[in-house]
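Visitor: Provided herewith is a single structure, encoded as structure tokens, for subsequent inquiry.
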Amino acid sequence: MKNSWGKKFQYYFDYLFSLGPGVLIAALALFTVVLSLIATLILVVSRLSPGGEPPFDFIEGLWFTFLANLGEGSVAGRESVWTFRFITLGLTLASIFIVSNLIGIISNAISQKIENLRRGKSAVIESDHTVVLGWSEQVFTIIPQLFIAQEGKKNRKIVLLGNQDKVEMEDQLRNRIGSEAIEKVVCRSGSPIEMSDLELTNLNEASGILILTPEGENPDAEVIKSVLAITKGHDRKGRPYKIIASLKEKQNRALGKIVGGEEVEWIFSGQVIARLLAQSCNQPGLSVVYSELLDFTGDEIYFVEDAILIGRTYREALSTYQKGVVIGLQKGENVTLNPAMESIIRPADQLIVIASDEHGLIRGERAATRDEWIISNHTPPKNSENVIILGWSERGNELLRELNNYFQPKSKVCIVTDKFDLRPELEEISSELKNLKISFERKSILDRNELEMLKLHKYNHIILLSNDDQTLSIQQIDSNTLFTLLHVRHIIEATQAKPSIATEILDSRNSRLAEVAKADDFIVSDRLISLMMAQIVADRRRNAVYEDLFNPQGSEIYLKPACQYVKTGVAVNFYTILEAASRKGETAIGYRLSSLSEDVKRSFGVKINPDKREEVVFTEKDKIIVLAEK
């Protein structure tokens, strides 16, 4: 069936309107020119003119008809012939059509522009800005950290691209962070895997790009697609990007490195969380130490050169600064934490230090060390451990591998969950775990009676692992974890046992509730990864330090009894502690006072990078925080 001319005209007319205001204005201009030419030809050929005036030539006629089409001409007076009157009347009516449509098109274009601005669909022209891709709870941790990192840097903006309405994102930022967020954060709505949406953020001029882990199933796939969209974008320039992203699943590491190449610093979040849980269950307070090191409100890791120390040893460098702790050396691309004490510092070597900021190293007159108060011959006993894991998730197997790395042979681990029968899975992984004997009990960890049947007082360490049930929200999962924690605390308090308790929390807002429940350590998964990402985007060399810290083969952070280093009950300065630790091949970075272990405002007694001249009286329960080999 053939379409009529009317339908064809209607189709092309509708198509013209769909092309946007620019094409419509061009079409209207063409219509005006054609109509003016036709009217001019009629006037010139017919030698028509207003009454009493000579006939128009072509130029004068074209000018007259053009102005009439735009509403500037006038209808002919009484003296004009009727033919001229009809022509000018037609031009006047045409001018009404042309001008009204022109006003409508311009008004609609302005409305569309305002709507695009409201929806966050306009391009960003910022430079040297930080781009954050994605919208999740991580935003409310990362954005304040970036504010602190950018203090003193004028007009540095953060561009946030999220799959949310722009106004909604701005409202949440204002409510959760404050009005400062609206002043410093430019929000745009779009997908981090759509190249056209990514172009809105001006990636080519960005100083760094953070890809947040999306919520829902298979987040790693979305992160990898975002990296592909960024690195393969047709609008990119020659300058390499600085991208920070995280992957949860171990099997996706190789693919991530292939896709990202040298442009991406990867954080393998599943492994990091598993290692921190494994370390924390045996060392209460360790999670606080990491929070202090990763949070910009505390002390951070920096890389500095100090010409005065060239030719000196690492041991000598340890006591160079009154404020600021040396923790390692960077030689070329190689980062070494807690190197051999006699390592020589060469030209171009950089010190890895913990300081309040990049200018926070303070030299001072060294206070005397008291050799008679140093303990050199203490060898701690090596005992097997007895651990119970309440709950299970995809991080469970990685957690078992990490516990196997840290614990002595013949240690026992009991896993409790009612979600599914883990025995086939545990039998498969048991062959890898030479130091652990694994057992499984299928019980509800939310049921008080079933928890009491587990005889929790028998265990040295209790780990509460958040489950990864996709049918539950993050808040529901955290609620279940906190309910279990409250039950466990109450059961333990009725006995004389004092096991350590390490608890995984998913939402940082619930961490205060974990503090109320008096967890020895609470690991806030998303917050920890968010803090790491913010630190690395400020200086990507930090990622090598974190990889070393979380690597069982390198030096790690330990909280060891103060009585293994210095005499208790006497006032000692931190220079003495540094000397005591260095004699054991360790680097002291701080201490934890047990008397303040429940004081939130005093960081639960943890003090990183203390003034080395300040004297402290330690007790048997206090800890020295050191970098040491396992």
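Visitor: So which of Ile267, Ile327, Ile258 is part of a strand (DSSP E or B) and either closer than 27 Å to Ser226 by Cβ or without any contact (Cβ under 8 Å) to a residue 24 or more places away in the chain (or both)?
Guide: Ile267
Visitor: Mind counting the residues in segment 189-246 that are within 24 Å of Gln145 (Cα to Cα), in a helix (DSSP H, G or I), in contact (Cβ under 8 Å) with a residue 60 or more places away in the chain and not hydrophobic (A, V, I, L, M, F, W, C)?
Guide: Qualifying residue count, segment 189-246: 3.
Visitor: While we're on this one: Give segment 528-549 a look and list any residue that's polar (S, T, N, Q) and touching a strand residue (DSSP E or B) at 6+ places or on another chain (Cβ under 8 Å), or say none.
Guide: Keep residues of segment 528-549 that are polar (S, T, N, Q), which gives 530, 535, 543.
Once the filter is applied, which keeps residues that are polar (S, T, N, Q) and touching a strand residue (DSSP E or B) at 6+ places or on another chain (Cβ under 8 Å), segment 528-549 yields Gln535, Asn543.
Visitor: Sort through Ile388, Ile501, Ile491 and tell me the only one that's more than 28 Å from the chain's Cα centre (by Cα) and within 24 Å of Phe550 (Cβ to Cβ).
Guide: Ile388
Visitor: Select from segment 373-397 the residues that are touching a residue at least 12 places away in the same chain (Cβ under 8 Å) and farther than 17 Å from His461 by Cβ and write down the one among them that is surrounded by the fewest Cβ atoms within 10 Å (Cβ to Cβ). Outline the logic, then answer.
Guide: Taking segment 373-397 as the starting set, the residues that turn out to be touching a residue at least 12 places away in the same chain (Cβ under 8 Å) are 373-376, 378, 380, 382-397.
This time we only want the ones that are farther than 17 Å from His461 by Cβ, so: 373-376, 378, 393-394, 397.
Details: Trp373: 16, Ile374: 17, Ile375: 16, Ser376: 10, His378: 12, Ser393: 20, Glu394: 12, Asn397: 20.
If we take residues in segment 373-397 being touching a residue at least 12 places away in the same chain (Cβ under 8 Å) and farther than 17 Å from His461 by Cβ, then Ser376 is surrounded by the fewest Cβ atoms within 10 Å (Cβ to Cβ).
Visitor: Assuming Arg275 fulfils every condition listed in (1) surrounded by 22 or more Cβ atoms within 10 Å (Cβ to Cβ); (2) basic (Lys, Arg); (3) modelled with pLDDT of 90 or more apart from one, which condition is it?
Guide: (3)
Visitor: Which of (1) touching a residue at least 24 places away in the same chain (Cβ under 8 Å); (2) surrounded by 12 or more Cβ atoms within 10 Å (Cβ to Cβ) is the odd one out, the single condition Arg423 does not satisfy?
Guide: Among (1) touching a residue at least 24 places away in the same chain (Cβ under 8 Å); (2) surrounded by 12 or more Cβ atoms within 10 Å (Cβ to Cβ), Arg423 violates only (1).
Visitor: So in segment 561-605, with the set limited to residues that are surrounded by fewer than 23 Cβ atoms within 10 Å (Cβ to Cβ), over 37 Å from the mean Cα position of the chain (by Cα) and of a type in the set (Gly, Ala, Ser), which one is nearest to Val326 (Cα to Cα)?
Guide: Checked segment 561-605; the qualifying residue nearest to Val326 (Cα to Cα) is Ala571.
Visitor: If you don't mind, another one. Name the one entry in Gly134, Gly152 that is modelled with pLDDT under 85 and at positive phi. Walk me through how you get there before you give the answer.
Guide: Values: Gly134 fails: modelled with pLDDT under 85.
Selected residue: Gly152, the only one of Gly134, Gly152 that is modelled with pLDDT under 85 and at positive phi.
Visitor: Sticking with this structure for a sec: Please find, within segment 290-315, the residue that is surrounded by the most Cβ atoms within 10 Å (Cβ to Cβ) out of those that are more than 18 Å from the chain's Cα centre (by Cα) and among the acidic types (Asp, Glu).
Guide: Across segment 290-315, the extreme among qualifying residues is Asp299.
Visitor: Under the condition of being among the basic types (Lys, Arg) and at pLDDT below 90, which residue from segment 574-630 is farthest from Val288 (Cα to Cα)?
Guide: First, pick out the residues of segment 574-630 that are among the basic types (Lys, Arg): 583-584, 592, 601-602, 607, 612-613, 621, 623, 630.
Narrowing further to those that are at pLDDT below 90: 601-602, 630.
Numbers: Lys601: 12, Arg602: 11, Lys630: 20 Å.
Among those that are among the basic types (Lys, Arg) and at pLDDT below 90, it is Lys630.
Visitor: Among (1) surrounded by fewer than 19 Cβ atoms within 10 Å (Cβ to Cβ); (2) closer than 20 Å to Ser582 by Cα, which single condition is Pro347 missing?
Guide: Here Pro347 meets the rest and fails (2).
Visitor: Assuming Val288 fulfils every condition listed in (1) modelled with pLDDT of 90 or more; (2) closer than 30 Å to Glu394 by Cα apart from one, which condition is it?
Guide: (1)
Visitor: Restricting the search to segment 402-426, which residues are more than 26 Å from Ile477 (Cβ to Cβ) and of a type in the set (A, V, I, L, M, F, W, C)?
Guide: Phe407
Visitor: Where in segment 439-539 are there helices (runs of 4 or more DSSP H), lying wholly inside it, with at least 1 residues that are closer than 15 Å to Thr141 by Cβ and either at pLDDT below 95 or not assigned by TED's automatic domain parsing to the domain that holds Asn218 (or both)?
Guide: On the way: elements: 448-453, 474-493, 511-516, 525-538.
Filter on segment 439-539 gives 474-493, 511-516, 525-538.
The values are calculated or read from the model by the stated rules, or taken from the named source; none is laboratory data. Note that the structure is a prediction, hence the values are computed from the model and not measured. No Cβ is skipped: glycine too gets one built from the backbone with ideal geometry, and neighbour counts run over all protein chains shown.
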